[in-house]
């Protein structure tokens, strides 16, 4: 039975991973289009090249897209992490009323179709004159990234010992001192993990920015769409390969921080 289960797991992993792995060799093609050339299939070194990576790193359009993704991603991650930390603390605190209702409201952006959210934000931001601004895009991405941060941080807060906070209050510590010196050190790995996943959520977003963003705010996904419409350049595959590497780093960091959080929170016997 275990062997059959392992086979199914291996098949499922191949089904999910092979489409991603198939584009990695194509990003090193020496050709001009997205297909495996005879030289690549024959494993001829002449069929492989890193010119598309060089083109991405030297292209003003791609550099602008990367810069915009970093500005928007870090801004949204910072806001989402701050809001998510406060929300996670409130949702795990015993005195918070209607926890299920507030949890549902916080997670709503992950349930509602993204097009509906984009349309609502466009209508609201038009009146506030935030269309085509970095501020508007960062706020919009925060709406999507905050639930991810809340889920990650709350998973750690569920195991948090609130008796430590009560003890600090009994000894005369104010709430800010207690949070900075008692709560924060214990949940810091989860907060960092929440920030990483919030940044990844912002980096991956492509619908909302088409509603409220301008050309000068185009991000990496938007630049990839432009490349697909205008020219099927392998440079897009080079960017996709780099994003796959980034996703793997995010997963590894998230898992490392999760284990560290468990190690900190689990009392030694």
Single residue of 173, 145 found to be over 23 Å from residue 107 (Cβ atoms) and crowded, with 16+ Cβ neighbours inside 10 Å: 173
Subset tally (residues that are touching a helix residue (DSSP H, G or I) at 6+ places or on another chain (Cβ under 9 Å) and within 30 Å of residue 163 (Cβ to Cβ)) for region 92-146: 10
Positions within region 35-55 being surrounded by 13 or more Cβ atoms within 10 Å (Cβ to Cβ) and either in contact with a helix residue (DSSP H, G or I) (Cβ under 6 Å, 6 or more places away or on another chain) or within 16 Å of residue 245 (Cα to Cα) (or both), in sequence order: 37, 39, 40, 47, 52, 53, 55
Among the candidates 164, 121, 144, residue that is farther than 27 Å from residue 214 by Cβ and in a helix (DSSP H, G or I): 164
Hey, residue 240 within 30 Å of residue 34 (Cα to Cα), in contact (Cβ under 8 Å) with a residue 60 or more places away in the chain, surrounded by fewer than 19 Cβ atoms within 10 Å (Cβ to Cβ) and touching a helix residue (DSSP H, G or I) at 6+ places or on another chain (Cβ under 6 Å) or not: yes
Candidates 56, 66, filtered to the one that is assigned by TED's automatic domain parsing to the domain that holds residue 242 and more than 30 Å from residue 101 (Cβ to Cβ): 66
All positions within region 228-237 that are within 13 Å of residue 52 (Cα to Cα) and surrounded by fewer than 20 Cβ atoms within 10 Å (Cβ to Cβ): 232, 233
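The values are calculated or read from the model by the stated rules, or taken from the named source; none is laboratory data. What you are looking at is a predicted structure, and each value in this text was computed from that prediction instead of being measured. With ideal geometry, Cβ positions are generated from the backbone for all residues, glycine too; neighbour counts draw on all protein chains shown.
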